[in-house]
Amino acid sequence: MTRAIEEAGIPTVQVMMYKEMAEKVRPPRVAHVRFPFGRPLGEPGNSDQQRVIIEDALRVLETATEPGTVVSLPYRWRREDYALIRRQRATLKR
């Protein structure tokens with residue numbers, strides 16, 4: 001589906017949990033997360049976590065120059081303080 005969207009001139013990025021599959025099917029751009037299947041953006045109700053993942057996926061969309069780019073995000077399931085990450089990012093933007 002992403003290839004069809006890209007052919008229409010709209011850039012895409014996918015958040016995927018299975019890196020080997022991403023490397024095999026080579027979608028245009030992938031933000032790889034080591035999260036449980038069915039939870040590519042994080043835990044339900046954890047808006048800070050979801051926001052961080054979406055921001056990082058959009059950064060992959062902006063920076064990936066080669067087709068099939070896979071960027072592994074550094075986060076671990078339930079081991080990060082996403083509220084702190086968001087506050088630190090807000091401080092950097094000032």
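The values are calculated or read from the model by the stated rules, or taken from the named source; none is laboratory data. If you're wondering where the values come from, they're calculated on a predicted model, not measured in any experiment. Here the Cβ positions follow ideal geometry from the backbone for every residue, glycine too, while neighbour counts run over all protein chains shown. Protein only, heavy atoms only, side chains kept; ligands, DNA and RNA dropped before computing areas. Shrake-Rupley method; radii C 1.70, N 1.55, O 1.52, S 1.80 Å.
Mind putting a number on the dipole of the chain about its Cα centre? Charges go on the C-beta only, +1 for Lys and Arg and -1 for Asp and Glu, and I need it in Debye to the nearest 20.
Details: 17 positive and 12 negative charges, 75 e Å.
Magnitude of the dipole: close to 360 debye.
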Heavy-atom accessible area per residue of the chain, all protein chains kept, 1.4 Å probe, expressed in Å², is 68
Suppose R0 equals 22 Å; then what is the FRET efficiency for residue 91 and residue 61 from their Cβ-Cβ distance, rounded to the nearest 0.05?
0.40
With unit charges on the beta carbon (Lys/Arg positive, Asp/Glu negative), name the residue among 74, 37, 54 whose Cα is farthest towards the positive pole of the charge dipole of the chain.
74
Please determine, in degrees from 0 to 90 and to the nearest 10, the orientation of helix 82-93 with respect to the longest principal axis defined by the Cα atoms of the chain, where the helix direction is its Cα long axis.
80
Using amide H atoms built in the peptide plane, which far-off residues or other-chain residues are under 5 Å from residue 32 H to H?
16, 71, 72, 73
Using only C-alpha atoms and all pairs of different ones, pull out the Kirkwood radius for the chain in Å with one decimal.
14.0
Got a sec to turn the phi values of region 66-71 into Karplus ³J(HN,Hα) couplings, 6.51 cos²θ - 1.76 cosθ + 1.60 with θ = phi - 60°, whole Hz, x for Gly and Pro?
9, x, x, 5, 10, 10
For residue 76, solvent-accessible area (1.4 Å; no DNA, RNA or ligand), Å²:
110
How far, in nm, would the chain grow between residue 39 and residue 4 when pulled straight, counting 0.36 nm per residue and subtracting the alpha carbon separation?
10.2 nm
Rank 15, 25 by accessible area, highest first, at a 1.4 Å probe radius?
25, 15
